[in-house]
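Heads up, the thing below is written out as C-alpha cells.
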C-alpha cells in the first residue's frame with residue numbers, strides 16, 4: 001500500500017498547487033488529487049499482484065496450492081488437479097472468477113517469502129557452478 005499512499009500524496013500536493021493557483025483554495029483539489037492517487041495506486045498494486053500471482057502459479061503450482069489451502073481451508077483447493085494436462089483448466093477457473101483471482105493474489109502474498117528463498121537458493125547454486133567453471 002506504499003504505492004497508493006505515495007501516489008495519493010503526490011497527486012494531492014499537485015492538486016493543491018494547481019488549485020491554489022486558481023481563485024479557489026487548494027483544499028478541494030488536494031482531496032480530489034489524493035483520492036485519485038490512492039485509487040489509482042491501489043488498482044495498479046492489485047493488477048501487479050494478480051499478474052505476479054499467476055506467474056507464480058505457472059512456475060510453482062504446488063506451492064501456490066499449498067498457500068491457497070492454508071489461507072482458504074473451506075474452499076477445497078486441496079482437490080485442485082495440478083497434473084500438467086489439467087493445469088490450464090485450473091488456471092482458467094482461477095482467471096474466470098474475480099473472487100478466485102483475489103484469493104490467488106492473497107496466496108501469493110503469503111507464498112512470496114518461500115518463492116524468494118527458492119530463487120535465492122537457485123542463485124547460490126548458479127554462483128557456485130559458475131565459480132567452479134572459472135577455477136578450472
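The values are calculated or read from the model by the stated rules, or taken from the named source; none is laboratory data. Just so it is clear, the model here is predicted, and its values are computed rather than measured. Reconstructed Cβ throughout: ideal geometry from the backbone, glycine too, with neighbour counts over all protein chains shown.
Couple of notes before you dig in:
- Flag set for residue 5, criterion: more than 14 Å from residue 109 (Cα to Cα), surrounded by fewer than 17 Cβ atoms within 10 Å (Cβ to Cβ) and in contact (Cβ under 8 Å) with a residue 12 or more places away in the chain.
- The residues of the range 65-99 that are under 23 Å from residue 3 (Cβ atoms) and surrounded by 11 or more Cβ atoms within 10 Å (Cβ to Cβ), listed by number, are 67, 71.
- Look at (1) within 17 Å of residue 47 (Cα to Cα); (2) surrounded by fewer than 12 Cβ atoms within 10 Å (Cβ to Cβ) and you find that residue 121 fails only one, number (1).
- When we screen 13, 74 for residues that are more than 16 Å from residue 112 (Cβ to Cβ), over 21 Å from the mean Cα position of the chain (by Cα) and not assigned by TED's automatic domain parsing to the domain that holds residue 95, the only hit is 13.
- Check on residue 52, modelled with pLDDT of 95 or more and touching a helix residue (DSSP H, G or I) at 6+ places or on another chain (Cβ under 8 Å): yes
- Condition met for residue 36 (modelled with pLDDT under 90, in contact with a helix residue (DSSP H, G or I) (Cβ under 7 Å, 6 or more places away or on another chain), farther than 25 Å from residue 119 by Cα and not assigned by TED's automatic domain parsing to the domain that holds residue 114): yes
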